[in-house]
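Structure, as structure tokens:
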Amino acid sequence: MNQAAFVRTRLQARFGPAAALIGLVGVLLLVVGCFLPWAGFAGFPGKMLNTAPGGSRLYVLLLALFGVLFRLDWPGRARALRGASTFALVITMLTVLFIAYAGGGLVNLGTGAYVALAGVVLYYLGAQSLPEDDVVAPVRELPDGRWRVLIETLLVVGVAVGALIIFVIGLGLPTASVADGPDHRLGGAISLNDLTNESQFLCFLLFVCGAMLALSRLGLVASVGAMTKKHSRVLVAAALMSAVVFPFTQGGNGYSLRIAASIGVFAAAAVGLNIVVGLAGLLDLGYIAFFGVGAYFAAIFSGSVTSVIDMHLPFGLVILLGAAISGVFGLLLGAPTLRLRGDYLAIVTLGFGEIFRITVNNLDGSAGPSLTNGPNGISNIPDLTLPGGFNFGENHLLFGVDLPFQANYYWLEIILIAVVMTAFLRLAESRIGRAWVAIREDEVAAAATGINTTRLKLLAFVLGATLAGAAGTVNAHVVKVAAPDSFTFMESALLLAAVILGGMGTVPGALLGATVLYLLPEKLRFLQDLRLLVFGIVLVLIMRLRPEGLVPSKRRAREFHEPGGGADALSAPPGHRGTA
Amino acid sequence: MDLFLQQLVNGTVLGATYGLVALGYTMVYGIVQLINFAHGEIFMLGGFGALTTFLALPTGTPTAVLLPMMLLGGVIVSVTVAVLMERFAYRPLRGAPRLAPLITALGVSIALQELVRNFYPEAKSARNFPQLVDPNRQFSLGGDVTINAPSLLTVVVAVVGMVTLSTYVRRSRTGRAMQATAQDPDTARLMGINTDRLIVTAFVLGAALAAVAGVAQGLRFGQVDFRMGFLTGIKAFTAAVLGGIGNISGAVLGGFTLGLVEVMATQYAPEPFAGGAWKDAWAFVVLIIVLVFRPTGLLGERVAARA
Amino acid sequence: MHPPRLVRVAAPLLIGALVLSACGSSKEKGADGGESKTLTIGVIAPLTGDLSAIGLGIKNGVDLAIKQANEKKTVAGYTLKLNAQDDTAKADVGATVAAKLVADSSVVGVVGPLNSSVAKSVAPVLSQANLVEISPANSNVDLTGRGALSTGGTQARPYKSYFRVVATDDIQGPFAAQFAASLGKKKIAIVHDKKAYGQGLAEAFAKEAAKGGATVLKTETINPGDKDFSATITKLKAQSPDFLFYGGEYPEASLFTKQMKAAGLKIPLMGGDGVQADDFLKIGGAAAEGDYATALGAPTESLDSAKTFLTDYAGQKYAEPVGPYGGYAFDAANAIIQAIAKAVKDGKSGQALRDEVTKEVGSISFDGVTGPISFDAFGDTNSKVLTVYTVKGGKFVAAKTDTFK
């Protein structure tokens, strides 16, 4: 960090007075570059040939718009500009590389690419050379007036709709490229078609990160955040509506709905785990096992021909019983082990997760009692049906849109998430939730204030297990098979990563973390064999850049960013603060 | 009786590898309270480092030269990667929430495995490892009980490594500084101990022992592969906790205990819960039972109490 | 959080990854410049992780078939393309990538997956879209409804577009057992890896072996990924068997045979087609000598097509060996390609083309590199010819070729 600050000081000393000028020239060049063709050959996605900007060029152009800040003296502008220009630089460089690669050499770059490259470098240098901001951007409020509430409400609704739009664009419309006529002019491991959807995703993700970073440094994110807090009901309603409407935006594409449904299950489980880890501070490395208990319960009583028990329970009952049994397992494991401290509990839960996997793998009548069909798992899980004759496994025509069957499961997920989220929020703001946080922060002090720590920790553990069980029952029907290899240690670790990556103790954090962690490997598919390698590196990078998570809870963010903040049970020991 | 003794030998050999790798976990944990999930990968890289050294040396090099050189090569690779990992992945997170490095460790683990799988020549499936010590050479330990040469070597190396390490930690200046830091990092720093350097030392020592274990593993089985570290890593972590994390003798004891439990469960667990498919479950059941009755492991932990 | 840091760390890594991926792939451009239309054959297999070596062998087999078809213009007026998806050997990921292939309307056939457990989540998705799927490796009896046969029921096909070119467990296992009986083995030990393939095979073997009058010891299990099998071997050695059947794949089998013989239990190990791989010989070394493995079809040396396949495969300079299922994948892809060639004649496209290809695959018949390829009414291969190979001089040599029952 010191090195970077040093470089910046040198830049400021050399270009300081001219910084704004250099930056503006860069922005101008960049804008011009964006309206010129970047590719010298036809076929590259994002309309790189014609003059109207699209794809990466649009993202760069939007990031260039922050350039007006060179002329404005807003608080936080230097940091905002540094953020925007950095991301513009990375996106431009990536896109140029993609084009060069797809075309087979740098000769294939159009004039626009060179102009934009020159522009973005100047933009970056200009932003780096700006003098440091004097004040941190404040949280702004709208002026009082008759329109204030309306505008605030609209802004809050806008947040939800914006999130939907970002998600829809991010997910991409894989069918669109095929409908336009197949575009597979390149052979080899990475096809042009894959680049269309998936390299663009990378640029899009970078754009969203850059824009959000710049906006938050201007204090706008915090300002809108304050409004959403004020009108939280509006936000919840708008978010729910956006989520419900989502399948209609997908043009009958089952793949994206299937991904959305999988993200839903993953997110619901992550929110549940967030109670255990984020609120109560209990490190659980075997959470997937509780999810598995639910999944197996649902599979066994689904009426599948591969289940040893030929009994078909109604799904509503299955959810309740699956969740309850999962909770009982949580109780059985938690009661004797919850007095263990931090990492001892982690290894016990890891052990429990493995015991669960090994057990369901063995209960097949040859290595143990017959119950789970062993390594084959319970397959052929039938589609859900509602009493009215509604079959989840069939495509349905709704409001004139032909929806693939995956949409049914997606909506089921939305209900599940809504329930889990409500449970989480109610708990977090209750007496119990505050007690959990107290235990997380300092168990000894919490006990001293009269909190029954053992009982409350057990409650968190059991509730987390119950929610995981409920999510598991739904997942069994989405995936249509419950098999032991879906419940490995790696799955637990990824769930935990979703919670930590998103930000511990918050619902948006868990949702965002789950979405990123599920979508990232999906969207990195164009890298083929290198997919997991890049995924691992990205995990390291995110933790390095935002160790407190993408959406940290207020308390946690303060703790981490203010020197001298109090230590908590999950923080490094006091002696190791600030040694980096 | 011979059967029992033979299984005892098998368990001891298995436990020796766990113990060697567990030492790395325990030392790093003792000082920074970090569960370094990527430590298993350091073990794997030790094997590959030795293999690379072997391939680089001219054929016909006598074993007496080859073996130390391979060991050195493995140690160099493991230590280098461990130091880089500490410097670039963990150190920047020193002041971060305690769970952040856990995810970093996971990322590093995935990345290192995939790096070897993708870029080490022909490493997508297992690579042959030179069998310098003939596994068909059996030493009789009385009756029908035997141990083969590379296994014997593994146990000897493990015991030597553990004794050397614990002597080093108990007697040397650096070792005592490590103990001091583990007990109370703040006071240790006030006494003029350079904690940064100590942390690196812990990573280096752990990596060196893991590399030795990796080479021993290669010699025993005649192959190394990119995934060999993951399972061993988890088992070694379990062993470290079983013995009492942060406790060097504990890691060794935990390793041997775990090895013996696995082997004995394969042979003697009540049907139908016997055999390889259940042995890991038994290992974890024993772990949970031990922790329920001794919440800080068999020998107790040696780390600073955290607020 | 400071941008320069971010650039220094993130940019080189991203770009580095990109450049590296660029190095590893071929960059030839299609010569037809968009003139001919494109159809895609999907592959679902584990391309990363533990099983990637086998999965990549499958992908390469399909890739080779597609390249040859494009050269020979087997499907007139169309260029074929490969779309390989990584299922990471997990059921839920398999269902996701299956939906992805279904969503791409240019995909008219799928080869894969490797694991039977993955197949059980892939097949429902592909069947719903009536997109044909030919597995080069699944041997689980339930996938084509054969499981009901052993319990006296009637076979019903669960997935209408699911086919496979390999023998099911209930054919390969008994065939191996009959061979063991013909060797006069009386006390047989059985070990499997507790995975669907290994266990299915081992159980079918055990049943037939017991029927043949041999004493079958209590089945032992090991874990995939384990290296140290000394405990299991010691346990078996105390019961002094004269033959060992291993249900599982070559990574563990090669270590097992090696450790078993080093421990003084010098009996032959026999496995299924998951063991019949060059890597078994490579890792097993001298210890593998005298071991057995079964595989579907006549021995490769006796088929010219098989020899040509291996030469062509070597000619492509793939980074991965062909593996146990590369040849089956090649045949599976060719079955799809031939079906496409017939199906496109009427100018069909979209769902109609998928329906037609699925129908054509059902009635396909040709001589593949692993033997004659044709399917019965349930999607299973009609070929019942199997070969037992034995390891002699570091090579698999055919010991017996026969039609099952």
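List of remarks:
- Scanning the range B:103-117 for residues that are of a type outside the set (Lys, Arg) and more than 7 Å from chain A (Cβ to nearest Cβ) yields B:Ala105, B:Ser109, B:Leu112, B:Gln113, B:Val116.
- Filter pass, B:Thr232 being among the β-branched types (Val, Ile, Thr), touching a residue at least 60 places away in the same chain (Cβ under 8 Å) and within 10 Å of chain A (Cβ to nearest Cβ): no
- Residue check, C:Thr401 in contact with a Lys or Arg (Cβ under 8 Å, 6 or more places away or on another chain), within 19 Å of C:Ala298 (Cα to Cα), part of a strand (DSSP E or B) and not aliphatic (A, V, I, L, M): no
- Screening A:Gln528 against (1) on the phi < 0 side of the Ramachandran plot; (2) assigned to a helix (DSSP H, G or I); (3) not aromatic (Phe, Trp, Tyr) leaves a single unmet condition, (1).
- Positions within the range C:286-304 being crowded, with 17+ Cβ neighbours inside 10 Å and assigned to a helix (DSSP H, G or I), in sequence order: C:Ala287, C:Ala288, C:Thr300
- Pick from the range A:470-518, criterion within 14 Å of chain C (Cβ to nearest Cβ) and outside any helix (DSSP H, G or I), ranking: surrounded by the most Cβ atoms within 10 Å (Cβ to Cβ): A:Ala482
- When the range A:421-436 is filtered for residues that are polar (S, T, N, Q) and in a helix (DSSP H, G or I), only A:Thr422 remains.
- Of all residues in the range A:382-420, exactly one satisfies the criterion of being of a type in the set (S, T, N, Q) and part of a loop (DSSP other than H, G, I, E, B), namely A:Asn395.
- Scanning the range C:266-290 for residues that are more than 24 Å from C:Asn140 (Cβ to Cβ) and away from every other protein chain (no Cβ under 12 Å) yields C:Ile267, C:Pro268, C:Glu289, C:Gly290.
- Residues of the range C:96-110 satisfying the condition of being closer than 18 Å to C:Ile41 by Cβ and in contact with an Asp or Glu (Cβ under 8 Å, 6 or more places away or on another chain): C:Val97, C:Gly109, C:Val110
- Some residue of the range C:314-331 being of a type in the set (A, V, I, L, M, F, W, C), modelled with pLDDT of 90 or more and over 23 Å from C:Ile44 (Cβ atoms): yes
- When residues of the range B:173-220 are limited to those that are more than 22 Å from the chain's Cα centre (by Cα) and among the small types (Gly, Ala, Ser), the one farthest from C:Lys227 (Cα to Cα): B:Gly192
- The set of residues in the range C:221-262 being assigned to a loop (DSSP other than H, G, I, E, B), more than 8 Å from chain B (Cβ to nearest Cβ) and small (Gly, Ala, Ser) consists of C:Ser240, C:Gly248.
- Enumeration of residues in the range A:228-277 that are facing another protein chain (nearest Cβ under 10 Å) and in a helix (DSSP H, G or I): A:Gln250, A:Gly254, A:Tyr255, A:Ser256, A:Leu257, A:Arg258, A:Ile259, A:Ala261, A:Ser262, A:Val265, A:Phe266, A:Val277
- Filter pass, B:Phe256 being under 25 Å from C:Glu220 (Cα atoms), more than 8 Å from every other protein chain (Cβ to nearest Cβ), of a type in the set (Phe, Trp, Tyr) and in contact (Cβ under 8 Å) with a residue 40 or more places away in the chain: yes
- Test set (1) more than 11 Å from chain A (Cβ to nearest Cβ); (2) surrounded by 24 or more Cβ atoms within 10 Å (Cβ to Cβ); (3) modelled with pLDDT of 90 or more - B:Val241 fails condition number: (1)
- Some residue of the range A:456-479 being closer than 18 Å to A:Gly327 by Cβ and touching a strand residue (DSSP E or B) at 6+ places or on another chain (Cβ under 8 Å): yes
- Test result for A:Leu150, of a type outside the set (Val, Ile, Thr) and within 30 Å of A:Ser256 (Cα to Cα): no
- Those residues of the range A:322-351 which are within 16 Å of A:Ala295 (Cβ to Cβ) and of a type in the set (Phe, Trp, Tyr), in sequence order: A:Phe329
- Residues being within 14 Å of another protein chain (Cβ to nearest Cβ) and of a type in the set (Lys, Arg) - total across the range B:155-195: 1
Residue-by-condition table, conditions (1) in a helix (DSSP H, G or I); (2) touching a helix residue (DSSP H, G or I) at 6+ places or on another chain (Cβ under 9 Å); (3) within 16 Å of A:Phe487 (Cα to Cα):
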residue	(1), (2), (3)
A:Asp343	yes, yes, no
A:Gly351	yes, yes, yes
A:Thr359	yes, yes, yes
A:Gly368	no, yes, no
A:Asn380	no, yes, no
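- Scope the range A:452-469; condition part of a helix (DSSP H, G or I), touching a helix residue (DSSP H, G or I) at 6+ places or on another chain (Cβ under 9 Å) and either free of Cβ contacts under 8 Å to residues at least 12 places away in the same chain or among the basic types (Lys, Arg) (or both); matching residues: A:Lys457
- Checking each residue of the range C:182-199 against the condition of being hydroxyl-bearing (Ser, Thr, Tyr) and at pLDDT 90 or above gives at least one match.
- In the range C:375-384, the residues that are surrounded by fewer than 17 Cβ atoms within 10 Å (Cβ to Cβ) and in contact with a strand residue (DSSP E or B) (Cβ under 8 Å, 6 or more places away or on another chain): C:Asn382, C:Lys384
- Identity of the residue in the range B:118-137, facing another protein chain (nearest Cβ under 7 Å) and not in a loop (DSSP other than H, G, I, E, B), that ends up nearest to B:Leu34 (Cα to Cα): B:Asn118
- A:Leu539 vs. criteria facing another protein chain (nearest Cβ under 8 Å), crowded, with 24+ Cβ neighbours inside 10 Å and assigned to a helix (DSSP H, G or I): yes
The values are calculated or read from the model by the stated rules, or taken from the named source; none is laboratory data. Remember, it's a predicted structure, so these values are computed and weren't measured experimentally. As a convention, Cβ positions derive from the backbone with ideal geometry for all residues, glycine included, and neighbour counts pool all protein chains shown.
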